[in-house]
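Enquirer: Below is the structure I would like to discuss, written out as structure tokens.
The values are calculated or read from the model by the stated rules, or taken from the named source; none is laboratory data. If you're wondering where the values come from, they're calculated on a predicted model, not measured in any experiment. Here the Cβ positions follow ideal geometry from the backbone for every residue, glycine too, while neighbour counts run over all protein chains shown.
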Amino acid sequence: MRLVLCDDHRLFVEPLAAALATRGHEVVVVTTPERALQAVVEHRPDLVVIDLRFPEGSGLDALVELRTRNAGCPVVVLSASAEDQDLAAVADAGAAAFLRKDQPMRAIFDALDRVAAGRAVTTPALTRTPPVSAEQSRVRRLVGHLTERERQVLHRLVEGEDTTEIARSLGVAHSTARTHVQNVLLKLGVHNRLQAVALVASLGVDREL
């Protein structure tokens with residue numbers, strides 16, 4: 001499957017794109033709604049995934065334009081938004097699904113596969129999920145339980161470093177770096193590095209490391 005992935009938050013979009021690529025998908029990453037419109041023309045994707053809010057341009061406006069230009073290409077909104085009006089606006093604009101960035105990665109992947117296959121995706125009411133502010137508080141508490149060294153390791157993960165690079169950056173043995181990574185995942189309650197990065201990056205907590 002070929003996807004255009006439009007998001008200006010590099011620390012979130014790059015690990016997501018890498019994970020999608022490992023699943024056999026061809027991913028084109030762009031950072032503005034304008035580039036998303038161009039990429040659809042250039043690459044003719046099977047699916048477009050776009051955020052709602054950007055420093056320049058509007059994901060919602062791009063969604064409307066994408067649906068007007070190419071109604072056959074489904075568009076999925078992937079956002080950190082917790083506003084009910086956003087869900088309503090996205091549905092009215094014809095999005096195939098509205099996904100939250102704080103959902104488990106597996107749920108996001110499964111939803112994208114369902115949309116690409118032409119199957120329906122049920123979007124839970126946003127009022128039934130914790131507001132972003134509450135989720136931010138929860139993640140901050142989890143990060144607060146990390147040691148100073150573990151916070152450094154988490155920062156390196158957010159920067160996209162693997163275990164070997166983390167060991168080199170921190171001047172420790174590879175086995176020590178691997179242990180620190182495992183401790184970070186355990187304390188954050190996630191199963192892999194991508195989930196750890198997505199957890200802190202999607203809520204802006206990565207900026208506090």
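Enquirer: Looking at Leu52, Leu60, can you tell me which residue is hydrophobic (A, V, I, L, M, F, W, C) and over 13 Å from the mean Cα position of the chain (by Cα)?
Expert: Going through Leu52, Leu60 in turn, the sole match is Leu60.
Enquirer: Between residues in the range 80-93 that are touching a residue at least 24 places away in the same chain (Cβ under 8 Å) and residues that are part of a loop (DSSP other than H, G, I, E, B) and surrounded by fewer than 18 Cβ atoms within 10 Å (Cβ to Cβ), which pairs lie under 6 Å by C-beta distance while being six or more apart or on different chains?
Expert: Final answer for the pair search is Ala82/Pro131.
Enquirer: While we're on this one: Identify the single condition in (1) in contact with a helix residue (DSSP H, G or I) (Cβ under 8 Å, 6 or more places away or on another chain); (2) within 25 Å of Ala134 (Cβ to Cβ); (3) surrounded by 16 or more Cβ atoms within 10 Å (Cβ to Cβ) that Asp8 does not satisfy, given that it satisfies every other one.
Expert: Condition not satisfied by Asp8: (1).
Enquirer: Quickly run through the range 149-182 and pick out the residues that are basic (Lys, Arg) and over 16 Å from Leu199 (Cα atoms).
Expert: Within the range 149-182, Arg149, Arg168, Arg178 meet the criteria.
Enquirer: Within the range 148-167, identify whether any single residue is more than 28 Å from His25 (Cβ to Cβ), more than 16 Å from the chain's Cα centre (by Cα), surrounded by fewer than 13 Cβ atoms within 10 Å (Cβ to Cβ) and modelled with pLDDT of 85 or more, and answer yes or no.
Expert: yes
Enquirer: A follow-up question, please. Return the residues of the range 67-109 that are exposed (fewer than 13 other Cβ atoms within 10 Å of the Cβ) and over 21 Å from Glu42 (Cα atoms); say none if nothing qualifies.
Expert: Across the range 67-109, the qualifying residues are Asp84, Gln85, Ala88, Asp92, Arg106, Ala107.
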